[in-house]
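K.L.:
Following this message is one structure expressed as structure tokens.
No lab work stands behind these numbers, since they all come straight from the coordinates. Keep in mind it's a predicted model, so treat the numbers as computed, not measured. Cβ placement follows ideal geometry from the backbone for every residue including glycine, while neighbour counts extend to all protein chains displayed.
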Amino acid sequence: MPRPFSKTLFVLTLLSTHIVAKEPLKIDEVLNSVKLHYPLVLESLQELESSKSKVLAAKGLFDSKLSVKKDQRLEGFYEADSVDAVAIKPFGPLNGEVYAGFRSSDGDWPVYEGKKETLDEGEARLGLKLSLWRDSLIDKRRTSLANEVLGLEGSEANTQQVLLKSKAMAYSAYWSWVAKGQIYKIYEQLLEIAKKRAVGLKKRIQKGDLAQIYGLENQQYIARRKSKAIKAEREFIQAGLKLALFLRDKAGRPVFVKPERLPAMDNLEVGEGFKGENVDKVEKALQQNPKLKQLGLKSKILENQFAFERNKLNPKLDLRIEVSKDYGQGSETLREDEQRLALMLEIPIERRLAKGKSEATAAKKRALEYQIKLYREKIGTSARAMSVQLKSLTMELKNIKQEAELAQKLQNAERIKFKEGGSDFFVVNLREQDAADAKAKFFQRLSKFKKTLSVYKQLTMDF
């Protein structure tokens, strides 16, 4: 910088001394910091972990379970006790369950509880339960698991969306910082020129070569230029503080970038230009857009929910097959292998609950489809609008660059004329001010161009 930093810049520089890097700050460093340390990105990653856990929990609906029942008559005519243990394993197709059990009893049981009676070594059994109508193609467990898997995909898309948006904001903040820093340098240099000129003018006035009014006029220029430099410094600091939200150290703390790391842009360059709208690129971005993907996944979840609720309109027809065998000594009636088959039919009559829920879900899905349609159209329209604006800004930047270069040439020529006595002090200062303002205007437009480009990059998934 042409002069020592202000007190504010100096303090903020001290706060950032734990960053040893001295090379110019590049956009890739900022974007990489966003990916690794930006809180919103880290938050979305934790939400992703939560979704993974929900999928695990949904898979847990198919976990095996073991139940044990102890039954003992403490008082009464009959004295008997029994233990019944059964292990159940659910599985997906036909809402099935397979189970294996062991039952052992001792004592005398009344006739109406004769099923509890076993031989002295107990009874082993193996069974299968299937849903043949309602819940055969879809049931609560499979619906929950399918929807949680879709929810996990939605979380992955959300993480991508958050990262895209965060990078776009960081990209805009970086170029705003670069532009504000360059504008600050321009007006600081302009102020230094007036201060150095004041030294020479003072000597000439003291010698009597120049009227006192020229010194006063130069003091006026110094005051004006100082006001612009102060304003430029304030905006540079504010841009640096905003950038610090995206640029973080390894501990995740915001880093205020040292002014020395401002990239050199002495030659006015547009940098990354805009070559016009790429229709294929926009269409591909629409297919991969994370927000659209999230909405599509929500539609699939509603589709699953609708199918599950319509399933409730069907009669319930469950099949149970069981084989069992007793071991040991005891009643002759318990020695034979036993095979059982049972059918259970349940027919819903009014079915208003299932109808109401399914129709409500269908309406939600239709509403979501309209939302998806509008969002797709908005993205396409926004991309086209951004491309028009970027093309216009690219041409404007080239024109302002030419304007600044011409202003610089006029300034140089006017200085030569002034030294040769062919120009006025007022005109020289005017040329210097015009040249500085033209350069500042260029960087203002460059910042706007980069901000617009960041939105276009986000829309076209170009980060």
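K.L.:
Would you mind computing, in nm to one decimal, how far apart the modelled labels at residue 49 and residue 63 are, each placed 7 Å from Cα along Cα→Cβ?
P.N.:
Output for this residue pair reads 2.0 nm.
K.L.:
Something else: Exceeding 29 Å between C-alpha atoms, which entries from my cross-link table qualify? They are 409/448; 202/258; 195/448; 22/451; 185/242; 242/409.
P.N.:
Numbers: 409/448 26 Å; 202/258 36 Å; 195/448 32 Å; 22/451 26 Å; 185/242 19 Å; 242/409 36 Å.
Check vs 29 Å cut-off fails for 202/258; 195/448; 242/409.
K.L.:
Let me ask something additional. Which aspartates and glutamates, if any, have their Cα less than 18 Å from the Cα of residue 203, not counting same-chain residues under 8 positions apart?
P.N.:
192, 217
K.L.:
On C-alpha positions alone, give me the angle between the axis of helix 425-459 and the longest principal axis of the chain, in degrees, nearest 10.
P.N.:
Here the helix axis deviates by roughly 10 degrees.
K.L.:
Between the helical axis of 140-207 and the dominant principal axis of the chain, each derived from Cα atoms, what acute angle in degrees is found, rounded to the nearest 10?
P.N.:
Tilt relative to the chain: about 10 degrees.
K.L.:
Another question, if that's okay. Find me the longest stretch of the chain that has none of the exposed trypsin sites (Lys or Arg not before Pro), where exposed means in a DSSP loop (not H, G, I, E or B) with at most 15 other Cβ atoms within 10 Å. Don't skip to the answer; put the middle values down first.
P.N.:
On the way: sites that count: 22, 26, 250, 275, 335, 351.
Here the longest segment lacking exposed loop sites spans 27-249.
K.L.:
What is the Cα coordinate range of region 42-196 on the first, second and third principal axes, sorted by size from largest, in whole angstrom?
P.N.:
The Cα atoms of region 42-196 stretch 118, 38, 23 Å along their principal axes.
K.L.:
Let me ask you something else. Based on the Cα coordinates of the chain, what is the per residue volume of their convex hull in Å³?
P.N.:
Values: hull volume 106.9 nm³, N = 463.
Hull volume normalised by residue count: 231 Å³.
K.L.:
Taking the Cβ of residue 78 as the centre, find all other residues whose Cβ is under 9 Å away and add up their charges (Lys, Arg: +1; Asp, Glu: -1).
P.N.:
Working: positive: 73; negative: 79, 108, 113.
Around residue 78, the surrounding residues sum to -2.
K.L.:
Just want to confirm a number: the relative contact order over the chain, from Cα pairs under 8 angstrom separated by 6+ residues, in percent.
P.N.:
Numbers: 656 pairs, mean separation 97.7, N = 463.
RCO, the chain: 21 percent.
K.L.:
Follow-up question, since we're still on this one. Please get the size of the charge dipole for region 29-78, origin at its Cα centre, with Cβ charges of +1 on Lys and Arg and -1 on Asp and Glu, quoted in debye to the nearest 20. Don't skip to the answer; put the middle values down first.
P.N.:
Values: 8 positive and 7 negative charges, 77 e Å.
For this selection, approximately 360 debye.
K.L.:
Dipole of the chain (Lys/Arg Cβ +1, Asp/Glu Cβ -1, origin at the Cα centre): which of 33, 327, 393 lies farthest to the positive side?
P.N.:
Value computed over the given set: 393.
K.L.:
If the chain between residue 219 and residue 120 were fully stretched, how many nm would it gain, using 0.36 nm times the residue separation less the Cα-Cα distance? Each step should come with its number before you reach the end.
P.N.:
Working: separation 99, 0.36 × 99 = 35.64 nm, distance 11.47 nm.
Length gained, residue 219 through residue 120: 24.2 nm.
K.L.:
Next up: So how tilted is helix 290-311 from the main axis of the chain? Cα-based, degrees 0 to 90, rounded to 10.
P.N.:
The angle comes out near 20 degrees.
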